[in-house]
1. Considering only residues of the stretch 1-17 that are at pLDDT below 90 and not aliphatic (A, V, I, L, M), which is surrounded by the fewest Cβ atoms within 10 Å (Cβ to Cβ)?
2. Any residue in the stretch 114-143 that's at negative phi: show its pairings with residues that are of a type in the set (Val, Ile, Thr) and surrounded by fewer than 10 Cβ atoms within 10 Å (Cβ to Cβ) at Cβ separation under 8 Å, as long as the two are six or more apart or on different chains.
3. Only one of (1) modelled with pLDDT of 95 or more; (2) assigned by TED's automatic domain parsing to the domain that holds SER127 fails for GLU91. Which number is that?
4. Among the residues in the stretch 57-72, are any among the charged types (D, E, K, R), surrounded by fewer than 13 Cβ atoms within 10 Å (Cβ to Cβ) and more than 18 Å from GLU10 (Cβ to Cβ)?
5. Suppose we filter LYS149, LYS94, LYS135, LYS109 for residues that are surrounded by fewer than 16 Cβ atoms within 10 Å (Cβ to Cβ), among the basic types (Lys, Arg) and over 24 Å from the mean Cα position of the chain (by Cα); which single one remains?
Amino acid sequence: MLITGYNKLEAELKQLKTVDRPSIILAIEEARAHGDLKENAEYHSAKDQQGMTEARIKDIEGKLGYSEVIDPKTLSGDKIKFGATITLTDEEGKSVVYQIVGLEEADVKKGRISYSSPLARALINKSIGEEIEVKTPSGEKYYEVEEIKFI
């Protein structure tokens with residue numbers, strides 16, 4: 001996981017534990033004060049929210065606990081690897097830039113692709129000037145690696 005993704009998950013965990021969890025507990029207490037819990041929609045909604053929040057907390061804690069944090073600025077080399085920012089040229093001459101990131105950090109609209117995506121898997125260990133072929137739902141795409149940066 002990149003350092004930016006790790007920091008984002010830490011911030012979400014802090015929000016869940018210090019803000020969301022206490023507000024849900026208050027909502028449950030208020031709903032209990034209304035009486036009969038069997039037909040109390042507010043109570044059931046708050047309990048559902050509590051379950052989802054606790055599950056997300058455990059999920060994030062697990063990911064943070066098992067993550068290897070990587071700062072791409074400390075990486076170098078002439079081959080594509082996790083954390084690299086790559087400039088590609090497609091068969092029509094258009095350039096695209098992608099960074100290879102972890103699953104939690106992936107956002108294609110921001111140019112961040114998961115290491116497990118077909119494109120990233122095709123790029124790993126390639127060098128500048130090499131061509132790759134990627135099968136996509138819309139057909140095969142061809143790219144040439146123009147630049148590799150670790151930023």
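The values are calculated or read from the model by the stated rules, or taken from the named source; none is laboratory data. This structure is a prediction, so every number in the text was calculated from the model and none was measured. Don't worry about glycine lacking a Cβ; one is built from the backbone with ideal geometry, like all the others, and counts go over all protein chains shown.
1. Looking at residues that are at pLDDT below 90 and not aliphatic (A, V, I, L, M), I get THR4.
2. PRO118/THR136
3. (1)
4. No: zero hits.
5. Values: LYS149 fails: over 24 Å from the mean Cα position of the chain (by Cα); LYS135 fails: over 24 Å from the mean Cα position of the chain (by Cα); LYS109 fails: over 24 Å from the mean Cα position of the chain (by Cα).
Sole residue among the options that is surrounded by fewer than 16 Cβ atoms within 10 Å (Cβ to Cβ), among the basic types (Lys, Arg) and over 24 Å from the mean Cα position of the chain (by Cα): LYS94.
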